[in-house]
Amino acid sequence: MTDLNGKFFWYELMTGDPAAAMAFYGDVVGWTFQPFGADHGYHVVSGSAGPTGGIMAIPADAAAHGMRPWWGGYVGSADVDADAKRLAEAGGSVQRAPEDIAGVGRFAVMAGPGGAPFMLLKGSSPEGMDPPPPMASGHVGWHELYSGDFDADLAFYTSMFGWAKGEAMDMGEMGIYQLFSQDGSTSFDGMSGGMMALPKEMPAPLWLFYFVVPDIDAATEKVKAGGGTVLNGPMEVPGGAWIIQATDPQGAMFALVGMRAAGE
């Protein structure tokens, strides 16, 4: 099994309407869903290479405190308690103290110095899981950080998780777009994401996840037909793929990456 420590490996949507969200993403991304647990309050999301995340309702207490629908990412941890302490001492913050999820593992909600939240997770299963092949349909093909403190976040994630820096791309007025690799690779093909300073159009720092689709134009039309909103794109990116950024009908921000059909 691949070592998942310090790497994003599970992606979770908290939403106000799980049934509607599953119908939307099932059509747009092609996911299948399987209930997890006796009460069916959590559905496991699967892409072409197997499970990749989950969908659940926003907990009542969180909704009462104003939580909006959002996609969160889980980073693998060998020791959630020790990592939460270590990350907090390095400039991050603990948003929810470590606790157990019955039958799943131990987790904590964290944020980097720039304010974007993420989760730590140590699974209770000794088998673990393997990451999907690159650009597998229905899986995350790119991770993007909109940072409230770019320099601090760059130092934080590279030093705390061992991520490697790739090319720093000058985006003009938008500043630097820093490519990174979660597995230590420094080649362009080995990059797994990018980070940049929070644009003025974005309301708060966040991690944005790009789900792989086989045809970006067909998926874009499905977003619109399903009640989602396309915020940007389709736009070509280095390597020949195309991306869009969007919100789903419940308001959670997400992104898609894929190729264009031949002839388009």
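Observations on the structure shown:
- Within region 192-210, not a single residue is more than 29 Å from VAL109 (Cα to Cα) and open to solvent by 80 Å² or more (accessible area, probe 1.4 Å).
- Residues (of a type outside the set (Asp, Glu) and open to solvent by 40 Å² or more (accessible area, probe 1.4 Å)) located in region 94-111: VAL94, GLN95, ARG96, ALA97, ILE101, ALA102, GLY103, VAL104, ARG106
- ALA168 being open to solvent by 20 Å² or more (accessible area, probe 1.4 Å), small (Gly, Ala, Ser), assigned to a strand (DSSP E or B) and on the phi < 0 side of the Ramachandran plot: yes
- Between GLY91, GLY73, GLY114, GLY66, the distinction of being outside the structural domain of MET160 (by the TED database), closer than 23 Å to LEU206 by Cβ, assigned to a loop (DSSP other than H, G, I, E, B) and open to solvent by less than 20 Å² (accessible area, probe 1.4 Å) belongs to GLY114 only.
- Top-ranked residue in region 229-250 [being under 21 Å from TRP70 (Cβ atoms) and not in a strand (DSSP E or B); ranked as least open to solvent (accessible area, probe 1.4 Å)]: ASP248
- Within region 40-63, the only residue that satisfies the criterion of being touching a residue at least 60 places away in the same chain (Cβ under 8 Å), open to solvent by less than 40 Å² (accessible area, probe 1.4 Å) and over 15 Å from the mean Cα position of the chain (by Cα) is GLY50.
- For ALA255: the one exception among (1) modelled with pLDDT of 95 or more; (2) small (Gly, Ala, Ser); (3) under 21 Å from PRO132 (Cβ atoms); (4) exposed (fewer than 13 other Cβ atoms within 10 Å of the Cβ): (4)
Yes/no matrix, rows are residues, columns are (1) modelled with pLDDT under 95; (2) open to solvent by less than 10 Å² (accessible area, probe 1.4 Å); (3) within 26 Å of ALA152 (Cβ to Cβ):
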site	(1), (2), (3)
SER181	no, yes, yes
VAL212	no, yes, no
ASP217	no, no, no
THR220	no, yes, no
GLY227	no, no, no
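The values are calculated or read from the model by the stated rules, or taken from the named source; none is laboratory data. From a predicted model like this one, the values you see are computed outputs, not experimental measurements. Backbone-built Cβ (ideal geometry, glycine too); neighbour counts: all protein chains shown. Please note that ligands, DNA and RNA were not included when accessible areas were found on the heavy atoms of the full protein model with its side chains. Shrake-Rupley method; radii C 1.70, N 1.55, O 1.52, S 1.80 Å.
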